[in-house]
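Everything below concerns the one structure shown next.
The values are calculated or read from the model by the stated rules, or taken from the named source; none is laboratory data. Source: prediction; values computed, not measured. Cβ sites come from the backbone with ideal geometry, for glycine too, and all protein chains shown count toward neighbours. Surface areas here come from the heavy atoms of the whole protein model, side chains and all, with no ligands, DNA or RNA. Shrake-Rupley method; radii C 1.70, N 1.55, O 1.52, S 1.80 Å.
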Amino acid sequence: MCIPEKKIVIVQSNYIPWKGYFDLIRQADVFVLYDDMQYTRRDWRNRNLIKTAQGLQWLTIPVKVKGKYEQRIDETEVSEHSWAESHWKTINNSYRRAPFFADYAPGIQSLYEEASHLRKLSEINYLFLKRLCQLLGIDTPIMWSAQFPKVAGRTENLVHLCKSFQATDYISGPSASNYIDIDQFEKANIRLQYMTYDHYPEYPQLYGDFVHGVSILDLLFNCGEGAAQFLIQSEPA
């Protein structure tokens, strides 16, 4: 009997991530937030880049880290709640002249107002991911790894999660190739695929030379309902 394919992605949550992250969600049958892992500072968990007239700018959610060296991502708390108003003000100033800003501004502003009342970073990231997926027409279910018991070992735990979701295929980010034990996936009869991000088409963008690695908000404000097509990579020449 032929077993139907079920592709799974297991990654840590990011704040308003770039288009490659949403491409991963788009390709998965189930997308698992790996937020019961250790929080890492100066990473994408609580910050991302937008494009402004003055160049690239970080938007960073302030979080409590003092003395919390081993806290998990889903334990990490916001340290002050004015961040949401500040981020929205910067976004508004940077993108109000974008072609589709007026179409999305009310919904995104409402999203920031809702996020300002949340205490945990993971909750904020989940809220943005769910709502932004809706705007992009992506209906992949987003789950939490913390719903399942952990097992010892980095690769062992990934394989365990794949089995928990009855996945036939695991799509991994490219950096994980440094530590993943391929043999364990082969023994579990789970196909392992590494994501690449080399062939995304450019789109009309404000402020000079094109930059790929900025928040998905840039794509939405510049391309509107056509944004989803720029999540699909072209075939390499």
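Placing +1 at every Lys and Arg Cβ and -1 at every Asp and Glu Cβ, with all other atoms neutral, what dipole size does region 144-214 have around its Cα centre, in debye to the nearest 20?
400 debye
Determine which aspartates and glutamates satisfy two conditions relative to K187: a Cα distance under 19 Å, and not lying fewer than 8 residues away in the same chain.
Excluding near neighbours in sequence, the set is E5, E156, D169.
Could you work out how far apart the two model spin labels at E80 and Q147 are, taking each label as a point 7 Å from the Cα in the direction of the beta carbon, and quote it in nm?
Placing both labels 7 Å beyond Cα along the Cβ direction yields 3.7 nm.
Quick one: among A176, A98, A152, which has the greatest mean-square fluctuation in a GNM of the chain with alpha-carbon springs under 10 angstrom?
A152
Straight-line reach only, C-alpha to C-alpha below 20 angstrom: list the lysines that K19 could link to, leaving out same-chain residues fewer than 8 apart.
K7, K51, K130
Under Stokes-Einstein, with the Kirkwood radius over Cα pairs standing in for Rh, what whole-number D in µm²/s applies to region 1-130 at 37 °C and 0.692 mPa s?
It diffuses with D of about 204 µm²/s by this estimate.
Students often check this: by mean Cβ neighbours within 10 Å, which of 18-27, 40-49 ranks highest, and how do the rest follow?
For the peptides 18-27, 40-49, the packing ranking is 18-27, 40-49.
Taking every Cα atom in region 195-237, find the radius of gyration and the maximum pairwise distance Dmax, and write them in Å.
In Å, with Rg to one decimal and Dmax whole: 10.6, 29.
Largest first, what is the accessible-area ranking of H81, H117 with a 1.4 Å probe?
H117, H81
Treat every Asp and Glu Cβ in the chain as -1 and every Lys and Arg Cβ as +1, leave all other atoms uncharged, and give the resulting dipole magnitude about the Cα centre to the nearest 20 debye.
Here the size comes out at about 540 debye.
How far apart, in nanometres, would the label points at Y194 and W58 be if each is projected 7 angstrom from Cα along the Cα-to-Cβ direction?
Inter-label distance under the simple model: 2.8 nm.
What full-extension length gain, to one decimal in nm, is calculated for R119 and E5 as 0.36 nm per residue of separation minus the Cα-Cα distance?
Answer, rounded to one decimal: 37.3 nm.
In whole Å, what are the extents of the chain along the principal axes defined by its C-alpha atoms, from largest to smallest?
53, 50, 28
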